[in-house]
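Data first, discussion second: the structure below is written as structure tokens.
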Amino acid sequence: MSIGNALTIDVEDYFQVSAFESCVSVADWERHPLRVEKNTRLVLDLLREHGVQATFFVLGWIAGRCPALVREIHREGHEIACHGNSHRRVGTQSRLEFRGDIRDSKAALEDLIGERVLGYRAPSYSISLQTLWAFDELVEAGYLYDSSVFPVRHDFYGIPDWPRFPFTVSRGSDGQWQPLDGAGPGEAPAMREFPITTLKLWGKNLPIAGGGYFRLFPYCFTEWGLRRINRLERRPFVFYLHPWELDPGQPRVAGSSLKSRFRHYLNLDRTEGRFTRLLNDFHFTTLRALLQELPTELQIGPQKASPGVAPL
């Protein structure tokens, strides 16, 4: 039986990425033409064609302007999870701002779909060793899992020494959040973490499971690395993609750095074909489904939902 890997889609538009935040402010977003509906529906068409369900981490700003899109994603059987409201990296917010961001966006999504939202992913995977307090806020807000840790070194994100596969993160007796092996420490706050999967080569964690890396590496290398994880390590991987990555005709954003432009626009014309091959080559499911398959003896925090939303 094939391993069920998690397919995750970060629903944001081309002008909202962290690479462009220095030249496109949130106040300017309304001036840019929305392409997220068309691009996300292309993703939905491909998933429907291949009989795949995925987890969609939806930006609250998008949900407020495209509520029919969120309902459509949910109606087709995909999981709706939260990507925050305005795509601000965790470290650029105060704790109070972050608290409002993750609660308001969660409540907005739950109001749209009438179902509890279980998962969160920080913009640009920006939970780092400097922002571990975010886990306190996520647990208190009622999330059951997070998928924000990328165990690599990067200028925007990364906790390279943390585990490569799903684990429990808990606040220890010293007050610090840390990954755990085995059962959690009694009633200490804890939640599940689904890190973005990396390939272990030559003692280093190599990003292999999505986004710009999916566009940078030849597909044969991506396929080889992901099969290695499934077959040799016998573990599921967590793959991610953005709808704008299937849109080579998107407007070009002026004022960004050469590095940002390279990261963002590289091989956009090849993504749809590669994504189709990926859907043919691997078995996928949602993070919610993987969460339910994990052992249940660990303490994973309070089970809260917004008013009027049925609990899990």
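Can you tell me how many residues within the range 81-99 are at pLDDT 95 or above, surrounded by fewer than 18 Cβ atoms within 10 Å (Cβ to Cβ) and either within 22 Å of Val24 (Cβ to Cβ) or of a type in the set (S, T, N, Q) (or both)?
2
Name the one entry in Ile113, Ile3 that is touching a residue at least 40 places away in the same chain (Cβ under 8 Å) and closer than 29 Å to Gly158 by Cβ. It would help to see each step written out before you state the result.
Numbers: Ile113 fails: closer than 29 Å to Gly158 by Cβ.
Among Ile113, Ile3, only Ile3 is touching a residue at least 40 places away in the same chain (Cβ under 8 Å) and closer than 29 Å to Gly158 by Cβ.
For the range 49-80, what are the residues that are in a helix (DSSP H, G or I) and surrounded by fewer than 20 Cβ atoms within 10 Å (Cβ to Cβ)? Give the derivation first.
Pass one, the range 49-80, residues in a helix (DSSP H, G or I): 49-50, 60-65, 67-75.
Listed by number, the residues that qualify are Glu49, His50, Gly64, Arg65, Pro67, Ala68, Arg71, Glu72, His74, Arg75.
Of everything in the range 273-296 that's closer than 15 Å to Phe194 by Cβ, outside any helix (DSSP H, G or I) and touching a residue at least 40 places away in the same chain (Cβ under 8 Å), which residue is nearest to the chain's Cα centre (by Cα)? Break it down stepwise before answering.
If we filter the range 273-296 for residues that are closer than 15 Å to Phe194 by Cβ, which is where we start, we get 284-295.
Subsequent filtering for residues that are outside any helix (DSSP H, G or I) retains 284-286, 294-295.
From what is left, the residues that are touching a residue at least 40 places away in the same chain (Cβ under 8 Å) are 284-286, 294.
Working: Phe284: 15, Thr285: 14, Thr286: 11, Leu294: 19 Å.
Of everything passing the filter in the range 273-296, Thr286 is nearest to the chain's Cα centre (by Cα).
Looking at the range 4-35, which of its residues are assigned to a helix (DSSP H, G or I), among the hydrophobic types (A, V, I, L, M, F, W, C) and under 23 Å from Arg103 (Cβ atoms)?
Scanning the range 4-35 gives Val26, Ala27, Trp29.
If you take the residues in the range 170-190 that are surrounded by 17 or more Cβ atoms within 10 Å (Cβ to Cβ) and in contact with a Phe, Trp or Tyr (Cβ under 6 Å, 6 or more places away or on another chain), which one is modelled with the lowest pLDDT? Walk me through it before giving the result.
First pass over the range 170-190, keeping only residues surrounded by 17 or more Cβ atoms within 10 Å (Cβ to Cβ): 170-171, 177, 180, 184, 189-190.
Going one step further and asking which of them are in contact with a Phe, Trp or Tyr (Cβ under 6 Å, 6 or more places away or on another chain), we end up with 171, 177.
Details: Arg171: 90, Trp177: 94.
Here the residue is Arg171.
Have a look at Phe167, Phe194 and point out the one that is under 15 Å from the mean Cα position of the chain (by Cα), crowded, with 16+ Cβ neighbours inside 10 Å and at pLDDT 90 or above. So that I can check it myself, show each step before the final result.
Numbers: Phe167 fails: under 15 Å from the mean Cα position of the chain (by Cα).
Checking each option against the conditions leaves just Phe194.
Could you please let me know if Tyr125 is at negative phi and among the hydroxyl-bearing types (Ser, Thr, Tyr)?
Answer is no for this residue.
Any chance the range 19-36 includes a residue that's closer than 21 Å to Ser124 by Cβ, out of contact with any helix residue (DSSP H, G or I) (no Cβ under 7 Å at 6 or more places or on another chain) and crowded, with 18+ Cβ neighbours inside 10 Å?
yes
Has the range 124-134 got at least one residue that is more than 27 Å from Arg261 (Cβ to Cβ) and touching a strand residue (DSSP E or B) at 6+ places or on another chain (Cβ under 6 Å)?
yes
Quick check: anything in the range 249-272 within 25 Å of His87 (Cβ to Cβ), in a helix (DSSP H, G or I) and β-branched (Val, Ile, Thr)?
Scanning the range 249-272 turns up at least one residue that is within 25 Å of His87 (Cβ to Cβ), in a helix (DSSP H, G or I) and β-branched (Val, Ile, Thr).
The values are calculated or read from the model by the stated rules, or taken from the named source; none is laboratory data. Quick caveat: nothing in here was measured; it's all calculated off a predicted structure. Reconstructed Cβ throughout: ideal geometry from the backbone, glycine too, with neighbour counts over all protein chains shown.
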